[in-house]
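So the structure is just underneath, and the comments pick up after that.
The values are calculated or read from the model by the stated rules, or taken from the named source; none is laboratory data. All values derive from a computational prediction rather than experimental measurement. Note that each Cβ is placed from the backbone with ideal geometry, even for glycine, and that neighbours are counted across all protein chains shown. Keep in mind that these areas ignore ligands, DNA and RNA; they rest on the heavy atoms of the full protein, side chains included. Shrake-Rupley method; radii C 1.70, N 1.55, O 1.52, S 1.80 Å.
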Amino acid sequence: MTITDTTAPQATRRLNTSKAMVEAIAQEMRANPEVFYLGEDVGRYGGIFSSTTGLLDEFGPNRVIDTPISETAFLGLAVGAATEGMRPIAELMFADFVGVCLDQVYNHMAKIHFESGGHVRVPMVLTTAVGGGYSDGAQHSQTLWGLFAHLPGMKVVVPALPADAKGLMAAAIRDDSPVVYMFHKGVMGLPWMAKNPRSVDVVPEGEYVVPIGRANVVREGSDVSVVTISLSVHHALDVAEKLAGEGVSVEVLDLRSLVPLDREAILASVAKTGRLVAVDEDYHSFGMSGEVVATVAEHDPGLFRVAPERVTLPDVPIPYAHSLEYAVLPRHDRIEAGIRAVLR
Amino acid sequence: MSSTDSGPGAEVRRGLYETMVLCRTYEEAILREYHADKGPGFDIGKGLVPGEMHLSAGQEPVAAGVCAHLTSDDAVTATHRPHHLAIAHGMDLEAMTAEIFGRVDGLGRGRGGHMHLFDPATHFSCSGIIAEGYPPALGMAFAFQRRGTDRVAVAVTGEGAANQGAFHESLNLAALWRLPVVFVVEDNDWGISVPRSASTAVPSNATRAAAYGIPGERVEDNDVDAVWAAAGRAVARARAGDGPSLLEVHTVRLWGHFEGDAQGYRPELAELPGRDPIPRYAARLTDAGILDAAAIDRMKAAASERVEAAVAFAKASALPDPSDALDFVFA
């Protein structure tokens, strides 16, 4: 596998995150006839969140396949096809929908390789849209990456930036283990949803692979470490820029993968700053933010110059009304408050 | 092997009997080993073969009749009660038994157990979750179809599974995409302690095939010849590219849901020995002049020799090293 973790020097072409994701899928489909994409509205529609735009035109309905609304059947189909050596990419339209098909995900996709003693591989990608911020209510706004990451047997990647969306997709398709690829609707650069300017950025052309399990320091700093993932990376970078004007140096670590988790990168950043803010758009308890804090505490609690902060979604279903939803999401104001809390 | 509506010939019938004898001999050996050291009393986690154990005695006609039409290139997905299907599909008995004993030479190096037998050589797998073996079979069939082969996937569940969503989603998708799948339902009358009459709104699950526009057939009376004929039609249809079929077989669970099940809920216990399909079939073949007592004895002896060799292999295989407990999570 070609590992190219840095942007090529000449790369200047800019894409939004969804186009970067699609470019990787198309490149892998051209290179490997065993790769195919299936899910709901992934054909003519191009994916509700533009995850497959243009793929049907190039690859046709035998490789870009609209399915019935039968997640158990088509995710299970992907599992079975993967055990026979194909490389399916199966899309679960919203991560919130995993409730109707969780058995195929965690009892089959994730466990077959282990149960077979390594004799049967399941090289598939489960793509799914996550996240809130646009008043879609409690059943269409969750991130749930902590749930997937908690259950052993699947790798979990959550790109925040366009280049990583491309590189992690290529890595996911090539991986011989099942990979859950979670894309936040708010990072895709959709024309019909409020977007951060960071959802459009330089994306390398040609083959580009970002290794799974490696975090990325997207902004270097010396006073405080914000360790986060997905759309919160965009927010954290905004806050870091603002606080730089006050002379506060914020480091932003984009984990990019939750499984495997780059614990070394977390430790290295906190060892440098001594102050940790874990920002997580998933539920507060039993999830990523706690895992980040525990990673440091178990290694050396002396790294903390002050007690760490967690800026998360409280343990409440995500409310519909805009005022309520923005009260619970980890957005700029709460991230800034978290940073100020550890600077006291 | 060609299938016809006229039923199996003598050679096929001898083979069906031989397969059923091998399956039963195997289950009797596992029964013996399972209970050998569970005491004092019954501790499910103790012994050479620990954990839940779901044995298939009585259901051999399904395995023999269906798998006679398959080669090791065809896939089979089975249930929490998989041994008869694995054996009839040609799984290596030694690797299978070592897995059931939780040993390093097992199919899954001791990670799976008897409900999780995965064999790439025969494209066999099973799942302990009711009806959830159907969806992966769709994917195996999808791969066979896309590669232009005439290979088929056979997906087996019990009658309780026909009330699960996975069952119906799978039938619809397979019919829609004309996937080469044969859906098999082993109706043994009982979902653990709940009779079919208390779980299922229709007398025959085969009628549910009509909802998806595919052929549905029910074989009564655990008749292996009729299973063979019906499975032949379904497999031929799948191989020809004409899509899936649903086959339900009214079979019998001669023993408990799992070992240790006292079956106090079951009024027909006394009549079960009379419903054993193997002596019944032996009598039919003897009457027809296809088998005689000496041939039956030879088959039983040969089966016993193979099974005992597999048990000995399993017992001789090492237990997995605890320091390897975290291996194989990822490829």
query = Which one of these does A:LEU253 not meet: (1) without any contact (Cβ under 8 Å) to a residue 40 or more places away in the chain; (2) more than 21 Å from A:VAL130 (Cα to Cα); (3) hydrophobic (A, V, I, L, M, F, W, C)?
reply = (2)
request  = Being in contact with a Phe, Trp or Tyr (Cβ under 6 Å, 6 or more places away or on another chain) and open to solvent by less than 10 Å² (accessible area, probe 1.4 Å) is the filter; apply it to the range B:135-166 and report the residue that is nearest to the other protein chains (Cβ to nearest Cβ).
outcome  = B:ALA166
message = If B:VAL252 meets every condition in (1) over 24 Å from the mean Cα position of the chain (by Cα); (2) in a loop (DSSP other than H, G, I, E, B); (3) away from chain A (no Cβ under 14 Å) apart from one, which number is that one?
response = (1)
query = Among the candidates A:SER141, A:SER135, which residue alone is buried (at least 24 other Cβ atoms within 10 Å of the Cβ), of a type outside the set (Phe, Trp, Tyr), under 29 Å from A:ASP315 (Cβ atoms) and away from every other protein chain (no Cβ under 13 Å)?
reply = A:SER141
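Looking at A:VAL42, is it farther than 22 Å from A:ALA149 by Cα and assigned by TED's automatic domain parsing to the domain that holds A:MET169?
Details: farther than 22 Å from A:ALA149 by Cα: yes; assigned by TED's automatic domain parsing to the domain that holds A:MET169: yes.
Answer is yes for this residue.
Would you check if A:TYR45 is open to solvent by 10 Å² or more (accessible area, probe 1.4 Å), more than 26 Å from A:ALA31 (Cβ to Cβ) and hydroxyl-bearing (Ser, Thr, Tyr)?
Values: open to solvent by 10 Å² or more (accessible area, probe 1.4 Å): yes; more than 26 Å from A:ALA31 (Cβ to Cβ): no; hydroxyl-bearing (Ser, Thr, Tyr): yes.
The answer is no for A:TYR45.
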request  = From B:ASP225, B:ASP221, grab the single residue that is among the acidic types (Asp, Glu), open to solvent by 10 Å² or more (accessible area, probe 1.4 Å) and touching a residue at least 60 places away in the same chain (Cβ under 8 Å).
outcome  = B:ASP225
query = Of these, B:GLU33, B:GLU28, B:GLU94, which one is modelled with pLDDT of 95 or more, within 24 Å of B:THR286 (Cβ to Cβ), of a type in the set (Asp, Glu) and surrounded by fewer than 22 Cβ atoms within 10 Å (Cβ to Cβ)?
reply = B:GLU28
query = Any chance the range A:183-193 includes a residue that's crowded, with 23+ Cβ neighbours inside 10 Å and within 14 Å of chain B (Cβ to nearest Cβ)?
reply = no
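Just checking, does the range B:51-74 include any residue being within 12 Å of another protein chain (Cβ to nearest Cβ), buried (at least 19 other Cβ atoms within 10 Å of the Cβ) and under 19 Å from B:PHE183 (Cα atoms)?
Looking only at the range B:51-74, we keep the residues that are within 12 Å of another protein chain (Cβ to nearest Cβ), and these are B:73-74.
Still in the running and buried (at least 19 other Cβ atoms within 10 Å of the Cβ): B:74.
Filter again for under 19 Å from B:PHE183 (Cα atoms), leaving B:74.
Yes - at least one qualifying residue is present in the range B:51-74.
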task = Could you look through the range B:142-182, keep only residues that are touching an Asp or Glu at 6+ places or on another chain (Cβ under 6 Å) and in contact (Cβ under 8 Å) with a residue 12 or more places away in the chain, and pick out the one that is farthest from B:ALA201 (Cα to Cα)?
result = B:ARG151
remark   = Of the listed residues (B:THR25, B:THR77, B:THR19), the one being closer than 22 Å to A:SER116 by Cα and among the polar types (S, T, N, Q) is B:THR77
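Could you please find all residues in the range B:167-176 being open to solvent by less than 20 Å² (accessible area, probe 1.4 Å) and out of contact with any strand residue (DSSP E or B) (no Cβ under 6 Å at 6 or more places or on another chain)? Working first, answer last.
From the range B:167-176, those open to solvent by less than 20 Å² (accessible area, probe 1.4 Å) are B:167, B:170-171, B:173-174; that's our starting set.
Within the range B:167-176, B:PHE167, B:SER170, B:LEU171, B:LEU173 meet the criteria.
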key: Enumeration of residues in the range B:309-331 that are more than 14 Å from every other protein chain (Cβ to nearest Cβ) and either farther than 25 Å from B:GLY47 by Cα or surrounded by 14 or more Cβ atoms within 10 Å (Cβ to Cβ) (or both)   = B:ALA310, B:VAL311, B:PHE313, B:ALA314
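Are any of the residues in the range A:174-191 out of contact with any helix residue (DSSP H, G or I) (no Cβ under 9 Å at 6 or more places or on another chain), at pLDDT 95 or above, of a type outside the set (S, T, N, Q) and under 19 Å from A:PHE148 (Cα atoms)?
The first filter runs over the range A:174-191 and keeps only residues out of contact with any helix residue (DSSP H, G or I) (no Cβ under 9 Å at 6 or more places or on another chain), leaving A:175, A:191.
With the extra rule that they be at pLDDT 95 or above, the set shrinks to A:175.
With the extra rule that they be of a type outside the set (S, T, N, Q), the set shrinks to A:175.
So of that shortlist, the ones also under 19 Å from A:PHE148 (Cα atoms) come out as A:175.
Looking through the range A:174-191, at least one residue is out of contact with any helix residue (DSSP H, G or I) (no Cβ under 9 Å at 6 or more places or on another chain), at pLDDT 95 or above, of a type outside the set (S, T, N, Q) and under 19 Å from A:PHE148 (Cα atoms).
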message = For the range B:53-67, check the following and say yes or no: at least one residue is touching a residue at least 24 places away in the same chain (Cβ under 8 Å) and more than 20 Å from the chain's Cα centre (by Cα).
response = no
query = Which condition does A:LYS155 not pass, out of (1) in contact with a Gly (Cβ under 8 Å, 6 or more places away or on another chain); (2) open to solvent by 10 Å² or more (accessible area, probe 1.4 Å); (3) more than 14 Å from chain B (Cβ to nearest Cβ), if it passes all the others?
reply = (3)
query = Residues in the range A:84-121 that are open to solvent by less than 30 Å² (accessible area, probe 1.4 Å), within 7 Å of chain B (Cβ to nearest Cβ) and in contact (Cβ under 8 Å) with a residue 24 or more places away in the chain: how many?
reply = 7
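Looking for whichever is open to solvent by 40 Å² or more (accessible area, probe 1.4 Å) and closer than 28 Å to A:LEU168 by Cβ here; the options are A:ARG305, A:ARG310. Which one fits? First the steps, then the outcome.
Numbers: A:ARG305 fails: closer than 28 Å to A:LEU168 by Cβ.
A:ARG310 is the lone residue from the list that is open to solvent by 40 Å² or more (accessible area, probe 1.4 Å) and closer than 28 Å to A:LEU168 by Cβ.
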task = Among the residues of the range A:51-83, write down those that are surrounded by fewer than 16 Cβ atoms within 10 Å (Cβ to Cβ) and in a helix (DSSP H, G or I).
result = A:ASP57, A:GLU58
inquiry  = Suppose the filter is open to solvent by 10 Å² or more (accessible area, probe 1.4 Å) and either of a type in the set (Ser, Thr, Tyr) or part of a strand (DSSP E or B) (or both); does A:VAL226 pass it?
reply    = no
request  = Give the range B:108-126 a look and list any residue that's touching a Gly at 6+ places or on another chain (Cβ under 7 Å), within 7 Å of chain A (Cβ to nearest Cβ) and either closer than 19 Å to B:LEU70 by Cβ or part of a helix (DSSP H, G or I) (or both), or say none.
outcome  = B:PHE118
note = Of those in the range B:228-268 that are closer than 19 Å to B:GLU27 by Cα and of a type in the set (A, V, I, L, M, F, W, C), the residue least open to solvent (accessible area, probe 1.4 Å) is B:VAL252
